[in-house]
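Notes follow the structure.
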Amino acid sequence: MEKKLTALSHLFVTVFLSGFSTIIVAPAIIDVTMFSLCPGTDECSLAIYLSGFQQAIIGLGTALMMPIIGNLSDQYGRKALLTLPMTLSIIPLAILACNRTTNYFYAYFAFKTLTDMVCQGSINCLALAYLADNISYRQRASAFGILAGVTSAAYVCGTLAARFLSTGLAFQVATFVSLFAVVYMRIFLEESIPADQGEGITQPILKEGEEDNIIQNDDNAPTKVPPFKKIPSLGDVIYLMKNSPSFAQAAIVAFFNNLGEGGMESSSMYYLKARFHFNKNQFADLMLIGGIVATISQLFIMPLLVSPIGDGRLLSIGLFASCVYAILYSIAWSAWVPYAAAAVSTVMVFAPPSLRSIASKQAGPREQGKAQGCISGIISLANIMAPLIFSPLTSLFLSEGAPFHFPGFSIICIAITLMIAFIQSLMIGRAPSTSNAENSTEV
């Protein structure tokens, strides 16, 4: 027991350090981008389009890489695969730690785009698979919520540190923390390779080799399933969705939810900067408030609600709150409204860990990497489409050539996509459980 708790604590520290190094530079990157591309202005269409282009390219890369990384972690272990994205993420931070002139910014932009094809989302994907290796079926939603809480805590600490650090020093600190995170992970985190014992939760979704081709149905009658290659293809993902309706529904929710979230990511900061002239410190304050609320909710409130409410209902509640959040942004009439909207984070942060828990319950113990990788790949597809849809809308309705005056029109469109995700979440059935679920590894 103590050994497992120690291993999980090292995972949480690793995730915290990685998240901290990413978030500490987030409030500054908007100002760095604007200074490099459109110095002396609060509105820059080039920055919006370039950011959207980068997000789309990164989404395309991660859509291809996440299922591969997840599958390889099932074969070679979570720690081995964690080393790659954590090491690559150091490079773009180190570039801006040296200088933030236009040439350095373009070098950062190029390396950030390339490295994030592997890095973005992969650390979270592998951490979720690591938890699933060590946490029982019934405790998984709570554990995923705690992991999300640790990420939110890194968000809070990184934002708070950014509030008091200069832009140059923030990138230098981020570079050092990223290096330290890799060293810490390699020294202290124990390898986790999926165990062979099943939990009796669901039929395994992808099988390899002749010995794995025999599975057990609920009536204990053996059934053949077709073998697949070690690296999952699009056909494998389609088979997975046909074989598990709950996973297919979760995938649809993941797509539309992250289409909305990706739209907010690519548009909201530029919207606030153009509408209310937000600066680095105001962005940091806004992120800090949202992060504090999310941390408290995920670490202390969500674990108490999972058992009586269930991850399915928590998912729906979180998605509905996300719709409310986007609507408040779209009709913001004063600079204080986005700060007030951050209070909705108390509930909306329930959605991501609940969704991951539902997906995890549809996979066998040796398929957690595949399942989380497929969900991450679907999320990446949404991240490809989001900037292509919402960046042009944001730029159009913030310009003088807008067909009608509604600066938040792109945000209200985001709210519609989130509402679609909410409606779909209501159709997700509870994952089946059996008495064999207790045979899983527990903490």
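The values are calculated or read from the model by the stated rules, or taken from the named source; none is laboratory data. Worth saying up front: this structure is predicted, and the values here are computed from it rather than measured. Every residue, glycine among them, receives a Cβ derived from its backbone with ideal geometry; neighbour counts consider all protein chains shown. With ligands, DNA and RNA removed, areas are computed over all heavy atoms of the protein, side chains included. Shrake-Rupley method; radii C 1.70, N 1.55, O 1.52, S 1.80 Å.
Numbers below:
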| item | result |
| --- | --- |
| Those helices (runs of 4 or more DSSP H) lying entirely in the stretch 289-357 with at least 1 residues among the small types (Gly, Ala, Ser) and either closer than 25 Å to Ile411 by Cβ or modelled with pLDDT of 90 or more (or both) | 311-330, 337-341, 345-348 |
| Residue selected from the stretch 162-181 under the condition surrounded by 21 or more Cβ atoms within 10 Å (Cβ to Cβ) and aliphatic (A, V, I, L, M), by the criterion modelled with the lowest pLDDT | Ala162 |
| Residue in the stretch 334-347 that is within 18 Å of the chain's Cα centre (by Cα), within 16 Å of Leu286 (Cα to Cα) and open to solvent by 40 Å² or more (accessible area, probe 1.4 Å) present | yes |
| Selected residue (only one of Leu319, Leu305, Leu355 is out of contact with any Pro (no Cβ under 7 Å at 6 or more places or on another chain), surrounded by fewer than 21 Cβ atoms within 10 Å (Cβ to Cβ) and not polar (S, T, N, Q)) | Leu305 |
| Asn134 assigned by the TED database to the domain that holds Ala56, within 23 Å of Gln55 (Cβ to Cβ) and either in contact with a Pro (Cβ under 7 Å, 6 or more places away or on another chain) or of a type in the set (S, T, N, Q) (or both) | no |
| Residue among Leu37, Leu8, Leu46 that is at pLDDT 85 or above, of a type outside the set (Val, Ile, Thr), on the phi < 0 side of the Ramachandran plot and over 19 Å from the mean Cα position of the chain (by Cα) | Leu8 |
| Every residue from the stretch 161-178 that is out of contact with any helix residue (DSSP H, G or I) (no Cβ under 6 Å at 6 or more places or on another chain) and either under 13 Å from Leu93 (Cα atoms) or part of a helix (DSSP H, G or I) (or both) | Ala161, Phe164, Gly168, Leu169, Val173, Phe176 |
| Leu396 assigned to a helix (DSSP H, G or I) and either modelled with pLDDT under 90 or outside the structural domain of Ala359 (by the TED database) (or both) | yes |
| Leading residue by the ranking (nearest to Tyr76 (Cα to Cα)) among those in the stretch 366-401 that are in contact with a Phe, Trp or Tyr (Cβ under 9 Å, 6 or more places away or on another chain) and not aliphatic (A, V, I, L, M) | Gln368 |
